[in-house]
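Here's the structure, in structure tokens; my notes come after.
The values are calculated or read from the model by the stated rules, or taken from the named source; none is laboratory data. What you see is a predicted model, and the numbers here were worked out from it, not measured in a lab. Cβ placement follows ideal geometry from the backbone for every residue including glycine, while neighbour counts extend to all protein chains displayed. Areas reflect the complete protein model, heavy atoms only, side chains present, ligands, DNA and RNA absent. Shrake-Rupley method; radii C 1.70, N 1.55, O 1.52, S 1.80 Å.
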Amino acid sequence: MVDALRRNHRVAVISPMPWTQLSWRQMVMGQAAREAEFATADQDAFFPVSYYPPKILRSLYHQFYWRSMRACLSRLPSDFRPDVVLGYWLHPDGDAAVRSARHFDVPAVVMSGGTDLKILAQNATRRKAITGVIDAADRLVVLSRELACRAESLEVKSSKIDVVFRGVDRDCFSPGDQAEARWKCGLAADEVVLLWAGRLEAVKNPMMVLRAALRWKQHWDAGFRLLIVGDGSLRNKLEAACAEFGLGGCVRFEGSLSQDELAIRYRAANATVLTSHSEGTPNVLLESIACGTPFVATDVGGVGDIATSGIDCLVADDDADGLARSTIEMVGRGILVREREFVPNDLDGMVGQLEEVFCRAMNSSGAQQYALNRVAIDEGPGPVARRRAS
């Protein structure tokens with residue numbers, strides 16, 4: 001999203017780095033050296049350290065977050081003044097976005113990725129902090145219609161909510177020759193290849209795909225391969241489970257891959273499988289659709305919004321038998337050539353929708369209608385601010 005906005009807009013980035021994720025070397029090095037290590041080619045980028053007490057006082061995290069990043073506002077280039085501030089993640093990031101917008105006297109747009117509205121809001125004090133951010137912001141962007149309903153359940157007016165699906169880089173994620181993709185991945189042309197991609201964490205429920213793999217192995221015998229892309233705290237546990245289940249010969253842990261390498265795996269696969277307990281609108285499935293690969297996924301969050309009946313399959317949360325059965329049926333019938341009910345935006349389409357949101361925010365805040373000359377964005381894991389050159 002940020003890279004796509006950069007095509008037409010000048011953007012300053014403030015992205016606090018949680019102190020718990022830094023090495024001791026990064027902790028003791030100076031601010032300039034640390035930012036040089038994290039920075040990209042974008043010079044309007046700042047990476048302060050975000051200090052907070054882990055696992056306690058969570059409802060006050062916005063206070064710690066703001067104290068960690070506010071000095072960066074005065075370090076922005078002298079010729080930079082944003083027209084809009086966008087906060088990705090409602091709390092604590094969104095609170096800092098609203099405060100930053102007030103500092104510049106410009107509108108604030110906040111964005112929910114899913115967990116903040118669906119899980120964090122279940123805690124009463126955290127919910128109060130989240131609704132306070134939404135009330136103070138000019139617009140709320142959500143990534144699925146299901147998240148819009150979640151926001152409305154918190155008494156957010158529907159007129160304040162904009163649904164903007166994530167865009168997909170079509171230069172990278174596009175259909176291609178399956179046989180060639182399998183050759184590049186070292187896979188046999190006649191194997192059944194299934195792809196699971198995501199963080200190896202509990203919310204993604206990767207153990208479910210291994211339980212389903214027991215049945216896949218029984219059905220397809222040696223002609224089956226499961227590619228697991230991604231990394232996380234559960235990797236050692238999952239590798240041990242593969243050995244215990246006797247799946248070592250048919251499950252391959254790919255680790256973290258580049259976008260281009262991931263696109264090749266989508267093209268190589270008969271289907272993408274997703275097992276999450278909770279999702280907004282998963283990038284994994286948007287990318288799979290863009291590559292022409294059907295998916296079998298748990299019916300959570302906004303997944304149902306992007307599934308096409310007769311092509312994709314939805315199963316109940318944690319239903320490994322349903323996942324195995326639906327995948328076997330899908331592979332057996334092959335990919336049906338038909339028009340999809342949902343096709344993801346490309347990056348330019350996503351940016352166009354976001355620009356419309358920014359203009360609505362500027363108009364609703366009392367500004368006169370004018371061309372969108374500058375945009376500022378505040379994005380997680382910390383705030384990001386960006387703007388178009390006049």
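Of the options ALA136, GLY334, ALA212, report the single residue whose Cα projects farthest towards the positive end of the charge dipole of the chain (beta-carbon charges: Lys, Arg +1; Asp, Glu -1).
Looking along the dipole axis, the top candidate is ALA136.
Give, rounded to the nearest 20 debye, the magnitude of the charge dipole that the chain has about its Cα centre when Lys and Arg contribute +1 at Cβ and Asp and Glu contribute -1 at Cβ.
1060 debye
Give the Debye-formula value of log10 I(q)/I(0) at each listed q (0.14 Å⁻¹), with one equal scatterer per alpha carbon of region 120-264, two decimals each.
For region 120-264 at q = 0.14 Å⁻¹, log10 I(q)/I(0) is -0.85.
I'd like the Karplus ³J(HN,Hα) series for region 304-317: coefficients 6.51, -1.76, 1.60, θ = phi - 60°, whole numbers in Hz, and an x wherever there's a Gly or Pro.
x, 5, 10, 7, 10, 4, x, 10, 9, 10, 10, 10, 5, 4
Pop a pseudo-label 7 angstrom from the Cα along the beta-carbon direction at both TRP19 and ARG333 and give the gap in nm to one decimal.
Inter-label distance under the simple model: 5.6 nm.
Can you give the helix-only mean residue ellipticity at 222 nm for the chain, where every DSSP H stretch with n ≥ 4 adds -39500 (n - 2.57) and the sum goes over all residues, rounded to the nearest 500 deg cm²/dmol?
Numbers: 16 runs with 151 residues, N = 390.
Using -39500 (n - 2.57) per qualifying helix, the result is -11000 deg cm²/dmol.
Across region 231-245, in residue order, what do the Karplus-derived ³J(HN,Hα) couplings come to in whole Hz, using 6.51 cos²θ - 1.76 cosθ + 1.60 with θ = phi - 60° and x for Gly and Pro?
Along region 231-245, the couplings run 9, x, 5, 8, 4, 4, 5, 5, 5, 5, 5, 4, 5, 5, 7 Hz.
How high is the relative contact order of the chain, given as a whole-number percent (alpha carbon pairs under 8 Å, six or more residues apart)?
Across the chain, relative contact order equals 25 percent.
Near the amide H of PHE224, under 5 Å away, which other amide H atoms are found, from residues 5 or more places off or on another chain, if H is placed in the peptide plane?
Residues meeting the criterion, in which the H sits 1.01 Å from N, are VAL192.
What is the dipole size for region 174-310, taken about its Cα centre, with +1 at each Lys and Arg Cβ and -1 at each Asp and Glu Cβ, in debye to the nearest 20?
300 debye
Express in whole angstrom the spacing between the alpha-carbon centres of region 275-302 and region 123-146.
When both Cα centres are located, 24 Å separates them.
Accessible area per residue for region 152-287 in Å², computed with a 1.4 Å probe and the full protein assembly in place, what is it?
45 Å²
Apply 1/(1 + (r/R0)^6) to the Cβ-Cβ distance of ALA33 and ASN8, taking R0 = 22 Å, and write down the FRET efficiency to the nearest 0.05.
0.10
At a 1.4 Å probe radius, carbon and sulfur cover how many percent of the accessible area of the chain?
Carbon plus sulfur share of accessible area: 49 percent.
Give the long-range amide H neighbours of SER50: residues separated by 5 or more places, or on another chain, with amide H under 5 Å away, using H modelled in the peptide plane at 1.01 Å from N.
MET17, TRP19
If we sort 234-246, 278-290, 59-71 on the protection proxy, mean other Cβ atoms within 10 Å, highest first, what's the order?
Ranking, from highest mean packing down: 278-290, 59-71, 234-246.
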